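Colleague: The structure's right below; bear with me while I get my questions together.
The values are calculated or read from the model by the stated rules, or taken from the named source; none is laboratory data. None of these values were measured; they are calculated from a predicted model. Reconstructed Cβ throughout: ideal geometry from the backbone, glycine too, with neighbour counts over all protein chains shown. All accessible areas refer to the heavy atoms of the entire protein, side chains included, with ligands and DNA or RNA removed. Shrake-Rupley method; radii C 1.70, N 1.55, O 1.52, S 1.80 Å.
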Amino acid sequence: MIISVIRTIVLYTVIIITVRIMGKRQISELQTSELVVMLLMSDIAAIPMQNTDQSLLSGVIPIFILVICEISISLIMLKSSGFRGLVCGRPVIIINDGQIRQKAMKELRMSTEDLFEELRQKDIFDLNDVAYAIVETNGKLSILKKQAFMPVTAKQMGISPKENGMQAVIISDGKFASSSLSFCGLSEKWTRKILKAEGTRVEDVFIMTANRSGQYQIIKKENK
Amino acid sequence: MNRIIGTIIILLLTIALVTTEFIINTNTASSVNEKIYSADEMASKNQISEAHKKMDEAMQEWDHHVQSMLLFYSHQKPDEIEESLHTAKSYLDQGEISFFHAECKLIIIRLKQFNDLEYPTIRNIL
């Protein structure tokens, strides 16, 4: 059993390293080829984990080969859109200027129920609201609503709201997040000064967020 | 850029492992095969002490390389060959020459198969 434990740790490490090399992606955002590689990798890794008669390298080498193929293909796809189209397919317009393209839906084997389910998930309950709908290469549906159904923007209202920038967590559980501090252009000295003014210490802060304008919010730790 | 470097490292590592496997497997299987063949020949000519010597050499060489072989192969095949080597040796020790011949033939076939199965031929790939 100890062999299985060690093998599992080794293969887990290999999988983590290879997935990190392949890059960050949510499962729902994976391209078809990436999804296939992920499924294959999990399947290949499982064999030497369970069967100790199987050599460990017979699981590791195919995983390495899959990663090499996947990275090579993604590099070629960056250079050649034709190759990208061949491997990943192309986005398909299924609603064009408010008109459903039935032929395109048939080619995608997409039923009207599938279409309406996707629309409802995007808070669209009336087909008349949609100007364009595109099935992306990862299978997700992108929607552009008709102008009449778009929310009013500040620009349309003639208002110029002040840009405050993104709030970043600069203290998390009593510790400084140096990367967030530098992202906001703030310093530990500035933060300590603020905390002193608020009558608290870094160690007592659960979360402190701030933006580039110096606006901040502090949530103190609950008393034990 | 880091991703490309990582991929190149993995590629080099894979090439190194595959090449090492190929060299270790081919050399060991061929060398042990030759020794077993010689031991079999010597036993046929009633040169039993020389056959013992060759057999010991073959077993030593196998023991020396089997650990690295187990890194690459399903453990079943090297275990079968090792079992056959020990069986052949015990037949030779007991003077059961006809059984020894049969076991040597079995080892030679197993080693040949072991070696042949790793060549990237169409038959092996398919």
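Colleague: Sequence gap at least 6, Cα distance under 8 Å: using those rules, report the relative contact order of the range A:2-86 to the nearest whole percent.
Modeller: It comes to 32 percent, rounded to a whole number.
Colleague: At most 12 other Cβ atoms within 10 Å and a DSSP loop assignment: could you name the trypsin sites (Lys or Arg not before Pro) in the range A:9-77 that fit?
Modeller: Hits after loop and neighbour filter: A:Lys24.
Colleague: Okay, next question. Chain A: D in µm²/s via Stokes-Einstein (Kirkwood Rh, Cα pairs, 4 °C, 1.567 mPa s)?
Modeller: 56
Colleague: Give a quick list of trypsin sites (Lys or Arg not before Pro) in the range A:42-105 that DSSP marks as loop, anything other than H, G, I, E or B, with at most 12 other Cβ atoms within 10 Å.
Modeller: Within the range A:42-105, no trypsin sites (Lys or Arg not before Pro) qualify (loop, at most 12 other Cβ atoms within 10 Å).
Colleague: Would you work out the relative contact order for the range B:2-120, in percent, from Cα pairs under 8 angstrom that are 6 or more residues apart?
Modeller: 30
Colleague: What length, rounded to one decimal in nm, is gained on full extension from B:Lys105 through to B:Ser44, with 0.36 nm per residue of separation minus their alpha-carbon distance?
Modeller: Taking 0.36 nm per residue and subtracting the Cα distance, the gain is 20.7 nm.
Colleague: Tally up the carbon and sulfur contribution to the accessible surface of the range A:25-88 as a whole percent, 1.4 Å probe, everything protein left in place.
Modeller: On the range A:25-88, the fraction of accessible area on carbon and sulfur atoms equals 64 percent.
Colleague: Another question about this same structure. Cα axis of helix B:48-72 to longest principal axis of chain B: angle in degrees, 0 to 90, nearest 10?
Modeller: Orientation of helix B:48-72: about 20 degrees from the principal axis.
Colleague: If you don't mind, another one. What is the percent carbon and sulfur in the accessible area of the range A:168-220, measuring with a 1.4 Å probe over the protein chains and ignoring ligands?
Modeller: Answer for the range A:168-220 is 51 percent, counting heavy atoms of protein chains only.
Colleague: Run the 1.4 Å probe and let me know the accessible area of B:Ile97, rounded to the nearest 10 Å².
Modeller: Only protein atoms counted, so the area is about 40 Å².
Colleague: Separate question: Any aspartates and glutamates with Cα under 19 Å of the B:Lys54 Cα? List them, leaving off those in the same chain fewer than 8 positions away.
Modeller: List returned: B:Glu34, B:Asp40, B:Glu41, B:Asp63, B:Glu82, B:Glu83, B:Asp93, B:Glu96, B:Glu103.
Colleague: I'm checking a number: the convex hull volume of the Cα atoms of the range A:88-205, normalised per residue, in Å³. What is it?
Modeller: 205
Colleague: Would you mind getting the accessible area per residue of the range A:168-224, heavy atoms of the protein chains only, 1.4 Å probe, in Å²?
Modeller: Here the residues of the range A:168-224 average 68 Å² of exposed surface.
Colleague: A follow-up question, please. Between chains B and A, what is the buried accessible area summed over both chains (1.4 Å probe, protein heavy atoms, nearest 100 Å²)?
Modeller: 1400
Colleague: Under a 1.4 angstrom probe, counting protein chains only, how are A:Thr18, A:Thr153 ranked by accessible area, largest first?
Modeller: Descending order: A:Thr153, A:Thr18.
Colleague: Right, something else. So how far apart, in nm, are the two label points at A:Arg120 and A:Ile93 if each is 7 Å from Cα heading toward Cβ?
Modeller: The two pseudo-label positions are separated by 2.8 nm.
Colleague: Heavy atoms only, probe 1.4 angstrom, no DNA, RNA or ligands counted: give me A:Met110, A:Met41 ranked by accessible area, highest first.
Modeller: Descending accessible area places them as A:Met110, A:Met41.
Colleague: Ok, one more. Once the piece of chain linking A:Asn128 and A:Val36 is laid out straight, how much longer is it, given 0.36 nm per residue of separation minus the C-alpha distance between them?
Modeller: Extra length available between A:Asn128 and A:Val36 comes to 29.5 nm.
Colleague: With the solvent-accessible surface defined on protein heavy atoms using a 1.4 Å probe, which residues belonging to the range B:6-46 display a reduction of at least 10 Å² in accessible area in the multichain context relative to the isolated chain?
Modeller: B:Gly6, B:Thr7, B:Ile10, B:Leu11, B:Leu13, B:Thr14, B:Leu17, B:Val18
Colleague: Scan chain A and hand back the longest stretch that contains none of the GluC sites (Glu not before Pro) lying in DSSP loops with at most 16 other Cβ atoms within 10 Å.
Modeller: A:1-135
Colleague: Sticking with this one: Show me the trypsin sites (Lys or Arg not before Pro) within the range B:27-57 that DSSP assigns to loop and that have at most 15 other Cβ atoms within 10 Å of their Cβ.
Modeller: Within the range B:27-57, the qualifying trypsin sites (Lys or Arg not before Pro) (loop, at most 15 other Cβ atoms within 10 Å) are B:Lys45.
Colleague: At a 1.4 Å probe radius, carbon and sulfur cover how many percent of the accessible area of the range B:87-126?
Modeller: Roughly 59 percent, rounded to a whole number.
Colleague: So, for chain B, what is the accessible surface per residue at a probe of 1.4 Å, expressed in square angstrom?
Modeller: Accessible area per residue, chain B: 59 Å².
Colleague: What's the long-distance tail for the range A:1-114, i.e. % of Cα pairs beyond 21 Å?
Modeller: Looking at the range A:1-114, the distances longer than 21 Å represent 53 percent of pairs.
Colleague: To the nearest 10 Å², what's A:Arg7's accessible area with a 1.4 Å probe?
Modeller: Approximately 20 Å² for this residue.
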